[in-house]
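Participant: Just passing along the structure, written as structure tokens.
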Amino acid sequence: MSGFQKYKECPECSGTGRVECEVAVADFGAWRGGELRLVSVDCENCDGTGSVVDDGFDDENWEDFDPMVAAHGY
Ligand SMILES: [Zn+2]
């Protein structure tokens, strides 16, 4: 069946669609001038969907990855 796309759990966010990242928050009232705050944002890898198209290159399959094939597009 051609055109069928497999999806797999996004490795970046473990399928949650959200990732936590540290952002610097300017706080002029604080004597240190700000702080790092942990915020939850949409995962860029999967656009917040929690799943990505399975391109066949799983983390476990990197041994099969051929850079020459990738460079020439098959
Ligand atoms: Zn993700």
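Since every read-out is calculated from the coordinates, none of them should be taken as a lab result. This structure is a prediction, so every number in the text was calculated from the model and none was measured. Here Cβ is always computed from backbone atoms with ideal geometry, including for glycine, and neighbour counts include all displayed protein chains.
Participant: Tell me, in nm to one decimal, what length is gained between Thr49 and Lys8 on full extension, where the rule is 0.36 nm per residue of separation less the Cα-Cα distance?
Facilitator: Gain on stretching Thr49 to Lys8: 13.7 nm.
Participant: I'd like the FRET efficiency for Asp66 and Val39, computed as 1/(1 + (r/R0)^6) with the beta carbon distance as r and R0 of 35 Å, rounded to 0.05.
Facilitator: So, using R0 = 35 Å, E works out to roughly 0.35.
Participant: So for each of 9-16, 24-31 I average, over its residues, the number of other beta carbons within 10 Å; can you give me the resulting order with the highest mean first?
Facilitator: 9-16, 24-31
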